1. Pairs only if they're at least six apart or on different chains, beta carbon under 8 angstrom, first in the stretch 251-265 and charged (D, E, K, R), second open to solvent by less than 10 Å² (accessible area, probe 1.4 Å) and in a loop (DSSP other than H, G, I, E, B); list them, first residue then second.
2. Given the criteria free of Cβ contacts under 8 Å to residues at least 24 places away in the same chain, closer than 26 Å to Asp426 by Cβ, surrounded by fewer than 17 Cβ atoms within 10 Å (Cβ to Cβ) and among the aliphatic types (A, V, I, L, M), does Leu379 qualify?
3. For Tyr111, work out the one condition from (1) within 22 Å of the chain's Cα centre (by Cα); (2) modelled with pLDDT of 95 or more; (3) over 18 Å from Glu162 (Cα atoms); (4) surrounded by fewer than 20 Cβ atoms within 10 Å (Cβ to Cβ) it doesn't fulfil.
4. Criterion first (surrounded by 17 or more Cβ atoms within 10 Å (Cβ to Cβ), under 25 Å from Gly200 (Cβ atoms) and acidic (Asp, Glu)) does Asp152 satisfy it?
5. Please list, ordered by first then second residue, the pairs with beta carbon atoms under 6 Å, 6 or more apart or interchain, first in the stretch 60-76 and among the acidic types (Asp, Glu), second in a loop (DSSP other than H, G, I, E, B).
6. For the stretch 317-338, name all the residues that are open to solvent by 10 Å² or more (accessible area, probe 1.4 Å), under 17 Å from Phe245 (Cβ atoms) and among the polar types (S, T, N, Q).
7. Within the stretch 281-295, can you find the residues that are open to solvent by 30 Å² or more (accessible area, probe 1.4 Å) and closer than 17 Å to Tyr199 by Cα?
8. Could you check the stretch 69-108 and list, in sequence order, the residues that are among the charged types (D, E, K, R) and closer than 17 Å to Val31 by Cα?
Amino acid sequence: MKIPIKKIVMIILTFRGLIGMSTNITVSGDVSGQWAVDTVRVVGDISVPGENTLVIQPGTRVEFYGHFIFSVKGNVQAIGTATDSILFTVSDTAGFADTTTNHGGWHGFWYEHVASSNDTSRFAYCIFSYGKALDTDTAGLYGGAFRIWNWDKIILYRCTVESNFANRWGGGIFLKNSDIFVHSCTFRNNQCGRASLPYGYGGGLCAVSSSPAVLYCTFTSNSSSGVGGGASFEYSDPDVRFNVFSGNYSALGGGVGFLRSPSGLVVSNNFVDGNSAEFFGGGICCLRAHTILSNNTVVNNSSSYGGGFYANDSAVPITYNSVFWGNQGFGNSVYIWDVASAPGFINCDVEGGKEDFQGSGGQLGYHGIYLNNIDTVPLFAETGTFPYTPGPSSPLADAGTPDTSMLQIPPKDLAGNPRIYNGRIDIGCYERNPSPGIESFISEPCSLKASPNPFRTETYLSFSLDRAETGSATIYDQEGRVVKSFGPMQFTFGSNTILWNGFTDSGLRCSPGIYFCIIRGDRLQMITRIIAY
């Protein structure tokens, strides 16, 4: 059968058009403008200069042909979609597993010495893989995919950080003096440290002297040689809520570790399951940390000492409304290394009770707060999407502390159900509730900042929303008492700002100290700490 000439011409033109759609560029040195191609081949270190913007379109593959740095002095807008992500990777992964060479990896994003006037970098639906921080100089040993110093204006939303390595800290991401916003991201198969000094901290994410917001993230199969298989926070006051730490590994704190950190924002509504530590704290460890934890479920973790929780070096954390069950180790639920450490437990379900606490600070050496706790089989639902929800006859239901004013309780639990149901909060990260649950109540990235902070006379509370809605703002003191209320008020799409002049609702100047501002809306809640002096 003969094909008409006209149809042949149309086929040729169509074929040529399809070929034309597949494009690539090669870059090195300074970059800016827009990447709207299939593949960007990076053949040298690249940098976005100060005051410049680089926009990367959905579906772009950024491929590094060597161990090159992506330095950002300006800002990057890499907004993919759920069906068309943006990939940052290396062209040839051969040699990536060899942690003595730079082969098989690129050198990640570097943010440092960025001008304060620069805009926020935004990454959504991006994948960061095979970053490798393995340089001879100290700076190049931190953060496999991201190394961020002294820079807050970064948002990561629904991104995947996987299969990255750092010789020191932060297998996936390393932060120093950086309060970034991380929402609905996945950290998996990242690794940091070696089996000798200096040990690695934070297999997935490591924060030092930082207060990042880490919300609705999943940390799985990450590892570190020192502290925090999933994540570690040192000298930090992070907002860590609604996360899943599962199947991570470390020497101490298989799931997550807190080091030398104050009490401040409450670590709440996290599910810590199936992590392991070679030595101490299969689920969570606190080293000279006074972290406040609430409504976490810590189950099925294992370690040589302290299957669920470990405290050392004068650590005095306090845990409210949390479950420690099914963990394995000497001191299945809790191991306390020294008598100077005194972790407190209030309205928790602790398998074995305080009588099973091991270590110098356990048994007769225990002198922490231990109030209204139970030692009862949790009777989880064991079925459905959230099997660790309290079942119909669970003793966890309505057994949490009656006064939640100090705990910065969010309106939803980890499943998206109302956090307080039947007039009383439950124990654990899930609330027993007959409703089916909804998606996370923060639907898009948003962050709340106070500036100046610390402040003397006034501070501006700034945040952005992806939609307009009615909400309110409330200032609390450290005791959970309402200091100042704003609203109800109409929040607008985009940027919003609220001025607080430092006065209370009663017209008095607030005393110097630490305060918390909570912004609430129909489907969102944001929190930030404010210091008045």
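1. Arg260/Ala289
2. It is true that Leu379 is free of Cβ contacts under 8 Å to residues at least 24 places away in the same chain, closer than 26 Å to Asp426 by Cβ, surrounded by fewer than 17 Cβ atoms within 10 Å (Cβ to Cβ) and among the aliphatic types (A, V, I, L, M).
3. Single failed check for Tyr111: (4).
4. So Asp152 fits the description; yes.
5. From residues that are among the acidic types (Asp, Glu), the pairs are Glu63/Ser91.
6. Passing the criteria: only Gln328.
7. none
8. Lys73
The values are calculated or read from the model by the stated rules, or taken from the named source; none is laboratory data. Values in this document were obtained by computation on a predicted structure and should not be read as measured data. Cβ coordinates were reconstructed from backbone atoms using ideal geometry, including for glycine residues, and neighbour counts include every protein chain displayed. The accessibility values were calculated without ligands, DNA or RNA, using every heavy atom of the protein model including side chains. Shrake-Rupley method; radii C 1.70, N 1.55, O 1.52, S 1.80 Å.
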